[in-house]
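Data block below; observations after.
Any read-out appearing in this document is the output of simple, stated calculations on the displayed coordinates, not a laboratory observation. Just so it is clear, the structure is predicted and the values come from calculations on it, not from any experiment. Ideal geometry is used to build each Cβ from the backbone, glycine not excepted, and the neighbour counts take in all protein chains shown.
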C-alpha cells in the first residue's frame, strides 16, 4: 500500500577539503515513489554527496532539504533520526549474531532489570521481514547467509526504523543475477510505499532495469537529470564526460605475427566466461567495462591468484595453466593490483626495498644480493619512471598515490617481465600523476613490453591503448580500435 510521498533535496550544496572542491553548487530533488540512479566517474562526487546526506560529513555551505524543510545533519545518528538510512557497499553485518539481532542492532527490546526480551525481539524482526517479503530465519547466524542474504539483512535493518529515505551505494557489486532481481523487486515495493530511493551505481546496464530517473555528477557538479527513457548511451556520455575533445592517439596496432600471450575460452563460473584474445609484443590492450563486469577477476585468473574452470593460456608459444603468481612471474607475467596500498606495497618499508621486493626470490642469497643491488636498481627505476621520493630509504608510505603506483610498476619491472597486467593503475591519483603513469606505460611498451590495462576511465583507454576489449557481465561485449571509436560507443557497449 502506498504511503506518504517523501522528498529529499539539496540547495547549492558545497563541500571543500584542503585544496579540493569535492562538491560544488549541487541542487537536487528526489521524490518518493520514484527510484533515482546516481551516476558519475570515479571522483565525480557521488561518495561525498552520500556522506553529506547521511550525516557522515558536514557541508561547507548550502542546505539539505527533507520533505521541503531544511535540516542539519551533523552525525549519522542525526540522519537516521531524521529518517535517512544508508546501505553502504561494505557490509556491516555482525556475522556471529543472528539475523534478528543484526536487524535490531543497538535497539533490542528489554524487560525489567534490563534483560533482553528475546521473544519480542524476534517477533519484531519477523514482522519487519514479512513486511518486506524477505523469507529469512531470524534465529540463524547472519554469517551463514550468502552475500545476497546479508545485503537483505542490511536493508531490513535500515527499514526497521521506518525511514523516509533509503540510499544504497553499489548494492549489487557482490550479487548474482537472481539475487539482483530479488533486490530490485524489494526496492520497487519500497518506492511504492513512498520511500525516496537514491541508488548509486557504476553498472550502467542496471539503470534501465531499476531507475525512474538518472542524475549524473561530473567534477563535483550536477551535470543533469533525465528520465530513464532518455538515458541513452549518448546522453549519459554527454553528461558524464561533457563535450567531446580531440584525443592524441598512440600509434597504430603493432605488427601481427608477434603474439606474446594468447588466451582461449578462459572461464571461471560466476566471474567470466569464454574470454579470448591475443596480446602482441609492444601492445597496450585496454579492458573496459563497468564495475562487476569481470575485469579484475580475469586479471587475477591470468596471474594465477584465483583458480579458473576452463580455457588455455599460451605464453611465448608455451601452453600453461595459471596456478600461482610465482609460476606466472617465472613465465614473465606480472600483476599490479588495484589496491596498491594493501596488495602492492609494504608501507613501512623503504622505496628501495619495495622496488626490489618481487625480485628477491630470483636471487640465490636474496638478502645479501639485495643489500648490494637495492640502491642501484631503485635509482634506475626512480630515474626511468620519474618517481619523486624524499629518499630511497624513506618509507614508501611517505610518497604520493601516483608515485606509489609507479613504485608498484617498478617492483614488477625489476623482474624483467614480458606482460604487465595493470588493474586500475590511476585510481585515486591526481590528473598529473595519471598522465605520468600512462606515459611511463607507453614508453615501456615502445621498448617491447606488453600490457593489459583495466580502467574505469574510458577516456584513458581511448588515449593510451592500441585496442580496447569491453567486458559486460563476464563476457566480451566487443572490441574497438580507439582511432575508430568514441566515448559514446564504448558506453553503449558497456550498457547494451
Between the Cα axis of helix 177-192 and the main Cα principal axis of the chain, the angle (0 to 90°, nearest 10) is 40 degrees
Give me the number: length gained by fully extending residue 78 to residue 12, i.e. 0.36 nm times residue separation minus the C-alpha to C-alpha distance, one decimal in nm. 21.6 nm
As I understand it, the value is the acute angle between the Cα axis of helix 118-132 and the longest principal axis of the Cα atoms of the chain; what does it come to in degrees, rounded to 10? 80 degrees
Under the rule of -39500 (n - 2.57) per DSSP H run of 4 or more residues, summed and divided by the residues of the chain, what mean residue ellipticity at 222 nm is obtained, to the nearest 500 deg cm²/dmol? -9500 deg cm²/dmol
DSSP beta bridges in the chain: the antiparallel percent, rounded to 5, is 55 percent
Distance from a point 7 Å along Cα→Cβ of residue 89 to each backbone N in the range 437-473: keep the residues under 12 Å and list them by number. 456
For 324, 160, order by how many other beta-carbon atoms lie within 10 Å, fewest first: 324, 160
Using 0.36 nm times the number of residues separating residue 326 and residue 269, minus their current alpha carbon distance, what extension gain do you get? 18.1 nm
Percent antiparallel among DSSP beta bridges confined to the range 377-496, nearest 5, equals 50 percent
Rounded to the nearest 5, what % of DSSP beta bridges with both residues in the range 7-241 are antiparallel? 60 percent
Taking the chain as the reference, fit the longest principal axis to its C-alpha atoms, fit the long axis of helix 401-413 to the helix C-alpha atoms, and give the angle between the two in degrees, 0 to 90, nearest 10. 40 degrees
Burial-style ranking of 341-349, 454-462, 53-61, average other-beta-carbon count within 10 Å with highest first, yields 454-462, 53-61, 341-349
By how many nm would the segment from residue 69 to residue 96 lengthen if fully extended, with 0.36 nm per residue of separation less the alpha-carbon distance? 5.7 nm
Take the alpha carbon gyration tensor of the range 7-241, find the square roots of its eigenvalues, order them as a ≥ b ≥ c, and report rounded if a/c is under 1.5; if not, report prolate when a/b exceeds b/c, else oblate. prolate
